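Only the coordinates and a few stated rules stand behind these numbers; no lab work does. Since we're looking at a predicted model, the values are computed, not measured. FYI the Cβ positions are ideal-geometry reconstructions off the backbone, even for glycines, and counts take in every protein chain you see.
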There are 2 protein chains.
Amino acid sequence: MARIVQKFGGTSVGDLDRIRNVAKKVKTEVDAGHEVAVVVSAMSGTTNQLVQWASEIGPMHDAREYDTIVATGEQVTVGLLSIALQNIGVDARSWLGWQIPIRTDNLHGSARIDDIDSSKMRERLAQGQVAVVAGFQGIGPDGRITTLGRGGSDTSAVALAAALDADRCDIYTDVDGVYTTDPRIAPKAKKLDSITFEEMLEMASLGAKVLQTRSVAMAMRHNVNLQVRSSFSDLPGTFVVDEDTVMEKETISGIAYSPDEAKITIIGLPDEPGIAASVFGELAQNHVNVDMIVQSASSQSQRTDITFSLGQADLNKAVEIIEKNKSALKYDGIDSSENVTKISVVGMAMRSQPGVAKTMFETLAEKGINLAVISTSEIKISVLIDSEYTELAVRSLHSAFGLDDDS
Amino acid sequence: MARIVQKFGGTSVGDLDRIRNVAKKVKTEVDAGHEVAVVVSAMSGTTNQLVQWASEIGPMHDAREYDTIVATGEQVTVGLLSIALQNIGVDARSWLGWQIPIRTDNLHGSARIDDIDSSKMRERLAQGQVAVVAGFQGIGPDGRITTLGRGGSDTSAVALAAALDADRCDIYTDVDGVYTTDPRIAPKAKKLDSITFEEMLEMASLGAKVLQTRSVAMAMRHNVNLQVRSSFSDLPGTFVVDEDTVMEKETISGIAYSPDEAKITIIGLPDEPGIAASVFGELAQNHVNVDMIVQSASSQSQRTDITFSLGQADLNKAVEIIEKNKSALKYDGIDSSENVTKISVVGMAMRSQPGVAKTMFETLAEKGINLAVISTSEIKISVLIDSEYTELAVRSLHSAFGLDDDS
């Protein structure tokens with residue numbers, strides 16, 4: 001007998017038939033003798049409607065009222081799923097954030113979980129009752145409803161799994177696991193049987209939208225055994241596990257890409273100590289997150305160019321800030337582009353295999369793809385390229401690192 | 001400065017524009033220096049959608065889950081109205097049933113209010129903050145969400161007015177007050193400036209659907225000053241008041257009718273003591289509510305006929321019960337009809353004016369309308385007639401009692 005947390009997203013509970021399907025998946029675990037807590041999102045589309053109402057009635061709305069409104073989406077789903085479970089003979093009850101309670105800070109709209117009191121729920125689980133838990137929501141220090149922000153239901157599930165000391169936390173979604181890369185771009189992408197937390201964190205933050213980054217970080221911190229699997233099949237998914245439990249270390253786990261990037265080049269900065277600090281200090285103060293940076297000094301002219309990448313949403317703001325500081329920075333000009341994509345090779349094995357960077361750069365060079373910026377970490381190498389080469393780069397790297405599914 | 005409870009029903013908050021309109025009505029009272037608590041229903045249509053989902057996913061659903069689901073309707077409205085108020089410069093916050101709390105018994109789906117703790121709300125009201133309260137909902141002894149049943153928001157408003165010692169409880173609706181009869185049948189019906197609790201109770205239970213019977217009874221018990229008024233105009237409505245505060249007692253307050261009636265005649269019962277008890281005891285045991293009864297003994301045959309009225313929904317069940325007991329009751333036959341309507345003349349003044357019954361019967365006789373059954377109370381006289389005479393009867397009585405608006 002194990003204790004399992006299951007999480008189903010908005011698409012998986014999108015209508016009554018799908019909720020009935022979820023009930024069956026829960027029953028399977030109950031029939032196998034497990035204690036089960038199920039975390040659910042709002043029916044797909046519901047949250048958007050609620051957010052739209054809140055925005056229309058008042059663009060500058062009180063976040064506490066916003067949370068009161070949008071939290072109803074999950075409240076409806078837990079009621080419906082509990083009824084669906086009871087109808088197929090499974091004892092179940094719904095739990096709202098404030099009923100458990102899931103205590104959060106008071107950052108309405110993007111609250112963080114402080115504490116989950118699982119004592120009452122543990123009693124019910126021990127009696128064989130399924131706990132149907134509203135994701136995405138909690139209760140703040142002032143007794144008002146809080147929400148964890150978009151995608152927060154993954155975080156709810158992982159936090160609950162940690163609080164319940166669950167043996168497994170299964171995240172059901174509309175794909176059947178984590179792939180070596182996006183199958184829409186590379187048809188030969190294959191499903192991974194397992195991936196480490198660190199790798200998953202990189203993949204998630206690099207645009208593989210299977211799991212929310214925050215939930216992976218929390219799972220890693222509390223060592224929660226995660227599984228990403230499909231709501232619409234019964235096949236096993238991908239296990240996200242601690243590094244130590246990975247049996248077979250493949251060279252590379254996956255190729256990720258993030259298309260929402262932009263780059264800025266500041267041309268002809270004086271090559272003085274502290275010049276980079278001036279540029280990036282100003283941007284940081286204005287809450288612009290800079291990702292990768294490369295500085296190319298020119299020995300002849302005493303001038304240097306700095307190129308860096310940032311999110312597309314911040315591009316205009318960043319350009320304005322730099323232009324406003326032109327007299328202080330004394331540069332010659334600015335060049336910026338939205339048509340860039342970050343391509344990353346991710347894998348634990350990189351630590352011990354220095355050949356990864358070489359293979360990556362050679363592969364891209366062979367296809368005539370220029371690298372604007374490069375950055376590396378212990379388990380990934382990222383490069384910024386022209387967006388039009390995205391598909392070619394992903395497919396070439398996928399083959400070069402032996403990830404193609406040739407079955 | 002007064003303390004006022006306002007209540008707006010589903011039609012009054014049916015879309016964002018109407019919610020903004022409600023915000024303006026609240027602001028008017030705030031600007032006049034009053035402390036204001038607003039009770040709102042779900043946006044019209046919302047509750048039906050939620051009820052439909054709950055019924056579709058499981059016809060025999062757990063009432064606790066049903067309440068969890070349907071209570072979300074009001075939760076959305078309080079959030080939206082609070083934002084709308086803040087946007088026009090009125091300090092406001094939403095209160096859910098469990099946040100106040102409004103404590104109820106555990107009869108989920110039709111819970112009764114045990115107690116309202118108004119201490120926190122009074123503090124906020126004193127600070128000039130408007131309390132936006134979710135109607136229809138409370139919290140049960142087990143910490144689960146309860147609902148008060150259909151139309152329960154009127155009850156929420158009256159109970160809150162009593163708990164807050166409010167000076168007035170204004171029920172905003174889509175009509176501009178209580179009328180002497182249904183204006184759709186009698187175009188000369190006029191709006192009453194005031195009506196007593198007792199009269200309103202009779203009118204409400206007789207089909208004038210302006211106020212829920214239960215809320216009127218509660219207002220009477222706690223002596224809450226009620227006003228029924230329009231959401232869509234600024235005119236004063238109808239005050240529902242204590243008998244002692246009515247200045248001018250008109251003869252009759254109104255003519256009510258209830259079309260959902262049925263009648264059964266049991267023909268040729270033995271004229272023995274206890275025979276009526278046998279008939280109605282059996283029906284009562286099976287939860288059939290009998291309304292008016294008439295027994296017509298025949299001196300020659302030692303046989304008697306009993307005619308009685310009941311709700312249409314109970315007709316088939318009642319006939320079955322009587323037929324099952326034919327051998328014990330020893331009657332000759334049964335006659336039943338759904339095509340009957342109860343017409344009632346309601347008014348406090350009836351107590352002192354014995355001529356009311358005479359005028360009523362004469363008026364109906366002149367039009368050739370037969371009375372199947374008659375019943376009287378201190379403040380009303382009801383008769384059962386063929387449904388096809390409904391409009392004629394209502395209009396004739398309305399004229400005969402001098403209620404026509406000839407302005």
Hey, got the dipole for chain A? About the Cα centre, +1 on K and R Cβ, -1 on D and E Cβ, debye to the nearest 20? 660 debye
Inter-copy spacing of A:GLN285 label points, which lie 7 Å from Cα along Cα→Cβ, given in nm from shortest upward: 8.9
Computed label-point distance, nm, for sites A:SER233 and A:ASP142 using a 7 Å Cα→Cβ extension: 4.8 nm
Amide H to amide H under 5 Å from A:VAL178: which residues, 5+ apart in sequence or cross-chain, H placed 1.01 Å off N in plane? A:LEU192, A:THR238
For label points placed 7 Å from Cα toward Cβ, what is the shortest-first list of nm distances from A:GLY89 to its copies? 6.5
Select the chain B residue whose beta carbon lies nearest to the rotation axis carrying chain B onto chain A, and write the distance in whole Å. B:THR72, 2
Karplus-derived 3J(HN,Hα) from phi for segment A:81-93 (6.51 cos²θ - 1.76 cosθ + 1.60, θ = phi - 60°), whole Hz, x at Gly and Pro, runs 5, 4, 5, 4, 5, 4, 5, 10, x, 9, 5, 8, 9
Extreme residue, positive dipole direction of segment A:255-400, given options A:GLN302, A:LEU397, A:TYR257 (C-beta unit charges): A:LEU397
Using the Karplus curve 6.51 cos²θ - 1.76 cosθ + 1.60 with θ = phi - 60°, work out ³J(HN,Hα) for each residue of segment B:190-204 in order, rounded to whole Hz, and write x for Gly and Pro. 10, 6, 8, 6, 8, 8, 7, 3, 4, 5, 4, 4, 5, 4, 5
What spacing in nm lies between the two simple spin-label points modelled at A:ASP335 and A:LYS317, each 7 Å away from Cα in the Cβ direction? 2.6 nm
Amide H partners (placed H, <5 Å) of A:THR173, local residues excluded: A:ARG229, A:SER230, A:SER231
What size of dipole, in debye to the nearest 20, comes out for segment A:255-400 about its Cα centre when the only charges are +1 on Lys and Arg C-beta atoms and -1 on Asp and Glu C-beta atoms? 320 debye
Cα centroid of segment A:63-125 to Cα centroid of segment B:22-47, whole Å: 29 Å
Considering only B:TYR331, A:ALA32, A:PRO59, whose Cα is most displaced toward the positive end of the charge dipole of the protein assembly as shown, charges sitting on Cβ of Lys, Arg (+1) and Asp, Glu (-1)? A:ALA32
Using alpha-carbon pairs under 8 Å, 6+ residues apart, how would you state the relative contact order of segment B:3-174 in percent? 30 percent
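Might you report the magnitude of the Cβ-based charge dipole of segment B:3-174 about its Cα centre, with Lys and Arg at +1 and Asp and Glu at -1, to the nearest 20 debye? Provide the component values of the computation, followed by the final result.
Details: 17 positive and 22 negative charges, 67 e Å.
Dipole size: approximately 320 debye.
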Can you pull the one-decimal nm distance between simple spin-label points at A:ALA2 and A:VAL290, each 7 Å off the Cα toward Cβ? 4.6 nm
Would you kindly state how much longer the chain becomes between B:ASP91 and B:GLU123 on full extension, computed as 0.36 nm times their sequence separation minus their alpha carbon distance, in nm to one decimal? 10.2 nm
Determine the relative contact order of segment A:121-212: mean sequence separation of Cα pairs under 8 Å and six or more apart, normalised by residue count, in whole percent. 18 percent
Be a star and scan segment B:226-240 for residues whose amide nitrogen sits under 19 Å from the point 7 Å along the Cα-to-Cβ vector of B:ASP31. B:230-236
How many nanometers, to one decimal and shortest first, lie between the label point of B:GLN49 and those of its other copies, if labels sit 7 Å from Cα toward Cβ? 0.2
Using r as the Cβ-Cβ distance of B:ASP17 and A:GLN302, and R0 as 51 Å, what FRET efficiency do you calculate, to the nearest 0.05? 0.20
Relative contact order for chain B: what percent, with Cα pairs under 8 Å and sequence separation of 6 or more? 14 percent
Amide H proximity to B:VAL340 below 5 Å, modelled H, separation 5+ or other chain, gives B:GLU261, B:SER387
Quick one: 3J(HN,Hα) in Hz for segment A:326-334, Karplus 6.51/-1.76/1.60 with θ = phi - 60°, rounded, Gly and Pro as x. 4, 5, 6, 7, 6, 9, 8, x, 10
Calculated FRET efficiency, B:ASP167 and B:GLN52, Cβ-Cβ r, R0 56 Å, to nearest 0.05? 0.90
For peptide A:43-54, how many partner chain Cβ atoms fall within 10 Å of a residue's Cβ, on average? 2
